[in-house]
């Protein structure tokens, strides 16, 4: 007798994706990101075309986001993520304030004369790049020197990634990944502040402080007592190590300028203001900029790495590989232009990767709804088997309904509240985009 043919079950057909996911999910978001970076680079190649294309590109992206917003299905999840999002903003601003105060302190504590005379540290990364300039083709060297991407590009790339949640390109909520990004940024900035304030390193650009700051030429009274007498005399260094006590007499230096800042007067000893720098501490901090010492590790590289990590986890694909290549390009340019030493860029890369991995509890690209459904299915498995044996179709339907509901988002908000929140979020976010674009366009 011929053997009976065994029919193999056909594999289930994949569910069709929505048109928006098909439009942007299949490489469209990557194309939009590449277009943004490419159009912005036209400012060096063809300023006239840059002036035409850049407003058109941003208008198209803004209109696409606004048109998609009414059809977004996860506004309730965004509303639940709003409070952590606002908390992360406050935390990040506090971290930036702490960093700005510390940047001014390390820039001013040694005085202007020290900045003029302190030699840059030997940096083998800088030596390597200079040697490659002599060996590589000039076209490659020009590419390595080109300002292809700067700080504001990385910020805008992350904003584009966050907005892509409207098109189902990344997992909702979009405010969740924004919360993780800013919280991680704040932690990274605080760690950076602790690192560069612990040991003051000379800048790779000795002229920076004189060109950027108006600081006293003489050292701060703290360094007058604890550093200057033991800065170069080896016998004095040996003696202070042996006795573990400052012993040298302080030389005569001019008195420190002490303005009246009211309750913030305690900052006078930290910020070292001069008479011509304005009446308020806040006005002085606005001039802190990036500092004129070597600030380990690089803040620019931290932003770049966090942006690349967010793209890699949330979206992936060829554009994530391209962003990582741009991160490496930015690192070598930071070293080449002597904004940082090589160690600053190396440390920023692995610290950024580590911090992003550590904050996965805030937002993750993993499908939590699927995990909840599987957990619920494990709980009702025995009941489902008994119902199948008893041919109880109603019981089976009820159990499957429980499994499906376990993976759905809890609403808990009225439709009016969700619509008001959606409108406010779109307006607020687009305003942040415009502010970030105008205030960081110079990098």
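The values are calculated or read from the model by the stated rules, or taken from the named source; none is laboratory data. Not measured: the values here are computed from a predicted model. All Cβ positions, even for glycine, are placed from backbone atoms using ideal geometry, and neighbour counts span all protein chains on display.
One line per residue, one yes/no per condition, for (1) in contact (Cβ under 8 Å) with a residue 12 or more places away in the chain; (2) under 18 Å from residue 293 (Cβ atoms):
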site: 122; (1), (2): no, yes
site: 126; (1), (2): yes, yes
site: 133; (1), (2): no, no
site: 145; (1), (2): yes, no
site: 151; (1), (2): yes, no
site: 163; (1), (2): yes, no
site: 170; (1), (2): yes, no
site: 179; (1), (2): yes, no
With 85, 91, 96 as the choices, which residue is farther than 25 Å from residue 297 by Cβ, modelled with pLDDT of 90 or more and not in a loop (DSSP other than H, G, I, E, B)?
85
Could you give every pair whose Cβ atoms fall below 8 Å, whose first residue belongs to region 43-72 and is farther than 15 Å from residue 159 by Cβ, and whose second residue is part of a loop (DSSP other than H, G, I, E, B), counting only separations of at least 6 or pairs across chains?
44/146; 44/147
For residues that are part of a loop (DSSP other than H, G, I, E, B), free of Cβ contacts under 8 Å to residues at least 24 places away in the same chain and over 29 Å from the mean Cα position of the chain (by Cα), tally how many sit in region 268-293.
5
Does residue 339 satisfy the condition of being in a loop (DSSP other than H, G, I, E, B), touching a residue at least 12 places away in the same chain (Cβ under 8 Å) and over 30 Å from residue 84 (Cα atoms)?
yes
Residue check: is residue 272 surrounded by 11 or more Cβ atoms within 10 Å (Cβ to Cβ), at positive phi and not assigned by TED's automatic domain parsing to the domain that holds residue 112?
yes
Can you confirm whether residue 330 is in a helix (DSSP H, G or I), in contact with a helix residue (DSSP H, G or I) (Cβ under 6 Å, 6 or more places away or on another chain), modelled with pLDDT of 90 or more and closer than 29 Å to residue 78 by Cβ?
no
As an exercise: evaluate residue 219 against (1) surrounded by fewer than 21 Cβ atoms within 10 Å (Cβ to Cβ); (2) in contact with a helix residue (DSSP H, G or I) (Cβ under 7 Å, 6 or more places away or on another chain); (3) outside the structural domain of residue 347 (by TED's automatic domain parsing) and give the number of the one condition it does not meet.
(1)
Going residue by residue through region 247-267, is there one that turns out to be surrounded by 15 or more Cβ atoms within 10 Å (Cβ to Cβ) and either part of a helix (DSSP H, G or I) or in contact with a strand residue (DSSP E or B) (Cβ under 6 Å, 6 or more places away or on another chain) (or both)?
yes
Consider region 205-262. How many of its residues are more than 23 Å from residue 281 (Cβ to Cβ) and under 35 Å from the mean Cα position of the chain (by Cα)?
3
Helices (runs of 4 or more DSSP H) wholly inside region 143-212 that include at least 2 residues being crowded, with 21+ Cβ neighbours inside 10 Å:
151-163, 174-198
Residues of region 294-318 being in a loop (DSSP other than H, G, I, E, B) and surrounded by 23 or more Cβ atoms within 10 Å (Cβ to Cβ), in sequence order, are 295, 297, 298
